[in-house]
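Student: For reference, the structure I am asking about is given below.
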Amino acid sequence: MAHDTRKEIPVRDVERFQALALRMADEARTRLLALQKSGFEVQRKPDGSYVTSADFQTEQALRAMVEKEFPQHGVVGEEFPAHLPEAEFQWIFDPVDGTEDFVTGIPNFGTIIGLHFRGTPVVGAIDVPMLDVRVHAAYGLGTFRGQQRLRLPDLESGTSPALTRVMLAARANFAKHGDWGDTHFDRLTRAYPNHRIYRTCYAHCCAAFGQTDVMVEYGNKIWDLAAAQILLEEAGGRYHVIQRLDAPGGAVLAAVFGKPKAVADVIALLA
């Protein structure tokens, strides 16, 4: 078994990192709620997706918080070039995950914040401001919703696929970076008819809370999944990357995460 280098990090440092992540989540929530009321500028990226002034302003604010408190750490965000990409500690965030929902007023958008050490997650937080939902975790310290520590029960043995609650990305995500629509998406939805389609980090919160048994993501960049692994593993769940493709702008990932047995079952189906 490979040595877990996170054990080299003093607990007091993990606690400091977690405290910063929570302050960043507060900052993002305050900004996004204010901009929902005051208004914001909307543009289209070359791929046709939305980007707003809220994305840029929020990411700039989070970057400034990292650079002030931990100037030796790197930063990776969706909207701006990487800062100190060779640093062992990398803060990774998506300032507005679900920008289309943000633009159209659907309350499922949120902010994803993660800190990785040598490529492995140490701290993670997801904040969904309009739903007043937040989940956060730190290595060795557990996963929390507010003051409540989360512990995922596993899927009961013998639970049929028809009763397994599955959340997954839209079919377009499966087909965006490979021909996985006709195979993986259709195979998955036929095998698990009790499914819901979510395209934002709100679904990752549901997986950490145990409100779904398993989440299946395709076509994601690192900032989309920056918090998911630590949130699930510290709650007793499982996180597994099933696909990694090199693409312009960074690797594209597919991952399955949730209750351990449900994750194993989905991996076996899609193998």
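The values are calculated or read from the model by the stated rules, or taken from the named source; none is laboratory data. Everything numeric in this text was worked out from a predicted model, so none of it was measured. Cβ atoms come from the backbone with ideal geometry, glycine included; neighbour counts cover every protein chain shown.
Student: Between Ala19, Ala34, Ala54, Ala64, which is outside the structural domain of Leu225 (by TED's automatic domain parsing), at pLDDT 95 or above, of a type in the set (Gly, Ala, Ser) and in contact with a Leu (Cβ under 9 Å, 6 or more places away or on another chain)?
Tutor: Values: Ala19 fails: in contact with a Leu (Cβ under 9 Å, 6 or more places away or on another chain); Ala34 fails: in contact with a Leu (Cβ under 9 Å, 6 or more places away or on another chain); Ala64 fails: in contact with a Leu (Cβ under 9 Å, 6 or more places away or on another chain).
Of the residues listed, the single one that is outside the structural domain of Leu225 (by TED's automatic domain parsing), at pLDDT 95 or above, of a type in the set (Gly, Ala, Ser) and in contact with a Leu (Cβ under 9 Å, 6 or more places away or on another chain) is Ala54.
Student: Look through the stretch 187-211, keep the residues that are among the charged types (D, E, K, R) and either modelled with pLDDT of 95 or more or surrounded by fewer than 17 Cβ atoms within 10 Å (Cβ to Cβ) (or both), and return whichever of them is nearest to Asn108 (Cα to Cα).
Tutor: If we take residues in the stretch 187-211 being among the charged types (D, E, K, R) and either modelled with pLDDT of 95 or more or surrounded by fewer than 17 Cβ atoms within 10 Å (Cβ to Cβ) (or both), then Arg196 is nearest to Asn108 (Cα to Cα).
Student: Taking only pairs six or more apart or across chains, which ones have beta-carbon atoms under 7 Å, a first residue in the stretch 229-253 that is more than 27 Å from Asp47 (Cβ to Cβ), and a second residue that is of a type in the set (A, V, I, L, M) and exposed (fewer than 14 other Cβ atoms within 10 Å of the Cβ)?
Tutor: Cβ pairs passing all conditions: none.
Student: Here's something else I'd like to know. I'd like to know if the stretch 14-25 contains one or more residues that are among the polar types (S, T, N, Q) and in contact with a helix residue (DSSP H, G or I) (Cβ under 8 Å, 6 or more places away or on another chain).
Tutor: Initial filter on the stretch 14-25 (among the polar types (S, T, N, Q)): 18.
With the extra rule that they be in contact with a helix residue (DSSP H, G or I) (Cβ under 8 Å, 6 or more places away or on another chain), the set shrinks to none.
Looking through the stretch 14-25, none of the residues is among the polar types (S, T, N, Q) and in contact with a helix residue (DSSP H, G or I) (Cβ under 8 Å, 6 or more places away or on another chain).
Student: Evaluate the following for Gly178: is it farther than 20 Å from Lys259 by Cβ, surrounded by fewer than 22 Cβ atoms within 10 Å (Cβ to Cβ) and either at pLDDT 95 or above or assigned by TED's automatic domain parsing to the domain that holds Val256 (or both)? Write out each step before concluding.
Tutor: Working: farther than 20 Å from Lys259 by Cβ: yes; surrounded by fewer than 22 Cβ atoms within 10 Å (Cβ to Cβ): yes; either at pLDDT 95 or above or assigned by TED's automatic domain parsing to the domain that holds Val256 (or both): yes.
Yes: the conditions hold for Gly178.
Student: When Ser157 is evaluated against the numbered criteria (1) assigned to a loop (DSSP other than H, G, I, E, B); (2) under 16 Å from the mean Cα position of the chain (by Cα), which criterion, by number, is the only one it fails?
Tutor: (2)
Let's see how each residue does on (1) crowded, with 21+ Cβ neighbours inside 10 Å; (2) closer than 14 Å to Phe56 by Cα:
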{"position": "Pro81", "(1), (2)": "no, yes"}
{"position": "Gln90", "(1), (2)": "yes, no"}
{"position": "Val96", "(1), (2)": "yes, yes"}
{"position": "Thr104", "(1), (2)": "no, no"}
{"position": "Pro107", "(1), (2)": "no, no"}
{"position": "Val122", "(1), (2)": "yes, no"}
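Student: Further question on the same structure: Just one of Ala162, Ala208 is among the hydrophobic types (A, V, I, L, M, F, W, C), assigned to a helix (DSSP H, G or I), touching a residue at least 12 places away in the same chain (Cβ under 8 Å) and closer than 30 Å to Glu27 by Cβ; which is it? Steps first, answer last, please.
Tutor: Details: Ala162 fails: closer than 30 Å to Glu27 by Cβ.
After applying the criteria, what remains is Ala208.
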